[in-house]
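Have a look at the structure below before the remarks.
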Amino acid sequence: MNLYEKNLKTLRNIALKEALSKIKAPKHFKLITGNDALDINLQDLRDNSLLYQNPMQELNEAIKLYNETYPLYPVLYFYGFGNGLLYKVLAQNENHLLFVIFESELEIIYHIFHLVDFSKELEKGKLLFLNPKNDINLEVQALLGEFMPAFYSSKVYFLELHSKYYEKFKENVKQTNEILTLTIKNTISAYGDDPYDALLGIKQHSFNLVEMISHPTIQELHAKRKGKFKSCVIVSTGPSLTKQLPLLKEVQERVVIFAADSAYPILMQNDIVPDYVCMVERPAITAEFFKHDFGNKDDKTIFLLASLVHPNAISYLDARGKNYMLLERLLAFHAFTALKQWGYINETISVAHMALSVASSLDFRNIVFIGQDLAFAKDGSSHAKNYQNGENFESGYYEDEFEVEGYGGGKVKTHFLWYMFKHFLEKHISELAKKYIFFNATEGGVKKYIFFNATEGGVRVQGTIEKPFKECCEEFFTENKNDLGKLESLNEQKQNELLLKSLYKLYQAKKNCLKFRTFLNENLDELNERLKPYANQINPSLLHGGGGGGSIMQQSIEQIMQIREEIQKVGLEIIELIQPLKAQFDLNLGRLVSIVVKDDETNLQKNLFWIKEHLYYFDLIAKYVKDEEKELQTAILKLENELKNRGLEKRVEKLKTKFKD
């Protein structure tokens with residue numbers, strides 16, 4: 001019993017600890033032990049099946065397999081805890097940082113915790129227990145998002161059955177593997193898998209600075225409208241939206257409406273005027289949602305645009321004289337330009353996430369979602385009727401369609417991108433749900449935000465209360481919203497000051513890009529020259545020569561490590577561009593370092609490949625940084641012209657002189 005309590009004391013999983021503490025007498029499993037301390041087995045009394053046919057033989061075979069084939073894997077995933085001895089032995093290998101163990105049979109853990117001391121492994125956090133019969137999405141997201149070795153090694157991920165006993169849980173095994181695979185894809189996407197997207201964001205944010213500074217700030221939005229109204233509805237363009245439009249039209253004067261950019265033309269065509277229209281994506285096609293003229297019907301609508309949207313979106317709104325604001329996302333380059341009056345909005349992976357971020361920042365208590373399907377309708381359509389790009393816009397577009405739990409139960413079909421949106425929405429809701437207006441022993445807790453999914457279709461969104469839209473309207477939309485308050489821009493003097501500050505920042509960014517790119521190119525030239533004779537062959541002479549500074553291989557590795565250190569030091573003006581490149585590079589490197597070296601030739605090949613991967617990575621960085629310089633120059637010219645038009649030519653020339661080479 002003392003051993004059991006010792007294990008429980010060091011167990012970090014609070015929910016598992018509480019569940020184990022409730023077990024008084026095991027009902028489903030019988031412990032079977034032999035003369036040897038390692039001969040531990042369990043029998044499932046429900047069907048008389050055994051965890052192992054030969055515990056010691058199976059243990060030795062597993063140890064041999066993992067020691068020979070996977071000794072360099074930092075994270076290993078197993079379905080089943082078994083007698084735990086495999087993890088006890090493998091934990092002695094310092095390369096293994098974590099064992100993720102999916103176990104639904106708590107009695108197995110209960111029995112083994114009485115026999116084997118895991119306190120050292122639990123204290124170091126080497127064992128992570130997850131129940132595959134529970135919703136493990138957020139826990140797996142947290143693992144991959146917060147424990148970087150799990151992320152870096154995700155390209156070599158596989159889920160291993162602990163023993164043949166666990167084959168009876170094949171449906172849970174399949175589901176667990178699917179969740180892990182999809183979460184890995186989600187996490188990689190969240191880190192950014194396309195440096196061009198980052199470059200496009202930097203380009204368009206820089207180019208849009210003039211319009212951002214000459215329009216209202218998010219501070220002004222909060223000052224005039226925060227806490228003024230209790231309920232809002234966030235409108236997306238899933239297939240279910242169509243049936244909600246008549247009721248939304250009826251209640252529009254009694255609820256604040258946040259519309260996705262794609263929902264804006266649909267609402268206006270149905271005589272529904274949104275209070276806010278959100279846009280967050282960079283591509284030009286998204287801007288086309290604003291290429292409409294609805295006269296003066298939407299004169300009071302505020303268009304909330306992420307500062308990195310395509311300039312066409314701004315041009316369309318300017319041409320119609322509409323009210324808009326540009327808001328900064330929580331991104332590195334936006335932090336570098338340091339215009340915090342317009343930022344920062346977080347959790348903006350999609351336009352619905354952006355709407356939720358703004359709505360929560362304005363202290364809406366009841367936040368209702370409609371049209372948030374994130375799934376195909378029964379007829380296969382992907383969007384609402386009259387969606388600008390067609391109601392079958394995404395139908396048949398993705399190859400990885402699969403079924404998930406739907407609104408109200410049952411199954412609906414979705415695809416990877418929607419699934420990613422769903423889980424980041426759930427993560428955002430989970431974080432917001434932890435906030436309380438007050439919490440004390442007498443009155444308990446009153447949540448600051450309550451989330452309702454009134455889509456009446458699509459996927460089930462964890463953390464929301466599923467409620468018909470009609471009931472939401474009757475319960476929450478009971479008072480006229482009246483005028484929400486006019487938003488003002490900063491005065492001209494303050495705008496001029498911030499435009500000059502932005503010009504300074506762009507000059508600085510361009511200069512730093514040039515300096516860093518020059519450093520990279522000089523080192524790349526030197527490395528390529530040294531390794532040129534060995535470009536197409538594995539030559540043992542790499543381990544020799546090189547003069548007094550060590551072998552050619554050693555010199556190259558040392559120089560690469562120095563370059564890596566310099567990359568770690570780059571500022572906010574460059575790091576956003578590097579992040580997606582680094583994410584992909586680290587994933588490739590994680591696969592490489594997991595390869596077991598069995599002879600000198602393999603070791604040489606591994607090291608040479610490691611060097612070539614770095615050279616390719618450095619070369620990509622240099623090319624993208626050069627592109628950033630070019631895009632910054634375009635934005636600089638626009639800012640200079642704006643300031644000159646405002647009569648500040650002398651101030652511009654003074655700044656130019658400061659940054660001349």
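Coordinate-derived values only; no laboratory data. In this text, all values refer to a predicted model and were calculated from it rather than measured experimentally. Here the Cβ positions follow ideal geometry from the backbone for every residue, glycine too, while neighbour counts run over all protein chains shown.
Taking 22 Å as the cut-off for C-alpha to C-alpha distance, list the pairs among Lys249/Lys300; Lys155/Lys606; Lys297/Lys467 that go past it.
Checking Cα-Cα distances, Lys297/Lys467 exceed 22 Å.
Name the shape class, rounded, prolate or oblate, that the alpha-carbon gyration tensor gives for the stretch 18-146, where a ≥ b ≥ c are the square roots of its eigenvalues, rounded holds for a/c under 1.5, and otherwise prolate holds if a/b is larger than b/c and oblate otherwise. Can you show the working numbers first?
Values: a/c = 1.78, a/b = 1.15, b/c = 1.55.
It comes out oblate by the Cα gyration axes.
How far apart, in nm, are two points set 7 Å out from the Cα along the Cα-to-Cβ line at Asn172 and at Ile63?
Here the modelled spin labels are 2.8 nm apart.
Rounded to the nearest 0.05, what FRET efficiency do Leu514 and Tyr4 have when you use their Cβ-Cβ distance and R0 = 60 Å?
Details: r = 64 Å, r/R0 = 1.06.
Calculated value: 0.40.
Full extension from Ala223 to Glu123: what is 0.36 nm times the residue separation minus their Cα-Cα distance, to one decimal in nm?
31.2 nm
Taking the Cα centre of the chain as origin, sum charge times position over the Cβ atoms of Lys and Arg (+1) and Asp and Glu (-1), and report the length of that vector in debye to the nearest 20. Walk me through the numbers before you get to the answer.
On the way: 82 positive and 88 negative charges, 343 e Å.
Using Cβ point charges on Lys, Arg, Asp and Glu, the chain gives about 1640 debye.
So in the chain, what percent of DSSP beta bridges are antiparallel if you round to the nearest 5?
30 percent
Given an 8 Å cut-off on Cα distances and at least 6 residues of separation, report the relative contact order of the stretch 2-191 as a percent.
Dividing the mean separation by the residue count of the stretch 2-191 yields 24 percent.
Would you calculate the separation in nanometres between label points at Leu620 and Leu592, each defined as 7 Å from the Cα along the Cα-to-beta-carbon direction?
In this crude spin-label approximation the distance works out to 1.2 nm.
Please identify the DSSP H helices in the chain that span no less than 27 Å along the helix axis (Cα) and have a mean Kyte-Doolittle hydropathy of -0.5 or more.
Long hydrophobic helices here: 170-191, 572-593.
Computed FRET efficiency, Cβ-Cβ of Leu572 and Lys644, R0 30 Å: what is it to the nearest 0.05?
Calculated value: 0.60.
So how strong a dipole does the stretch 2-191 carry about its Cα centre when Lys and Arg Cβ are +1 and Asp and Glu Cβ are -1, to the nearest 20 debye?
Approximately 320 debye in magnitude.
Beyond 29 Å between alpha-carbons counts as too far, so tell me which of Lys203/Lys224; Lys435/Lys582; Lys6/Lys168; Lys569/Lys626; Lys322/Lys385 fall in that bin.
Details: Lys203/Lys224 31 Å; Lys435/Lys582 34 Å; Lys6/Lys168 32 Å; Lys569/Lys626 18 Å; Lys322/Lys385 26 Å.
Listed pairs above 29 Å: Lys203/Lys224; Lys435/Lys582; Lys6/Lys168.
What full-extension length gain, to one decimal in nm, is calculated for Leu138 and Arg530 as 0.36 nm per residue of separation minus the Cα-Cα distance? Don't jump to the answer; show the numbers that get you there.
Values: separation 392, 0.36 × 392 = 141.12 nm, distance 4.77 nm.
That works out to 136.4 nm of additional length.
Strictly over 22 Å apart at the Cα level, which of Lys185/Lys434; Lys501/Lys630; Lys133/Lys174 would you flag in this model?
The pairs that break the limit, which is 22 Å between Cα atoms, are Lys185/Lys434.
Between Ala15 and Ala433, what is the label-to-label distance in nm when each label sits 7 Å out along the Cα-to-Cβ direction?
It works out to 1.1 nm between the two label points.
Using 1/(1 + (r/R0)^6) with R0 = 41 angstrom and r between the beta carbons of Ala25 and Lys467, what's the FRET efficiency to the nearest 0.05?
That gives a FRET efficiency of 0.45.
In whole percent, what relative contact order does the chain give with Cα contacts below 8 Å and a gap of six or more residues?
Dividing the mean separation by the residue count of the chain yields 14 percent.
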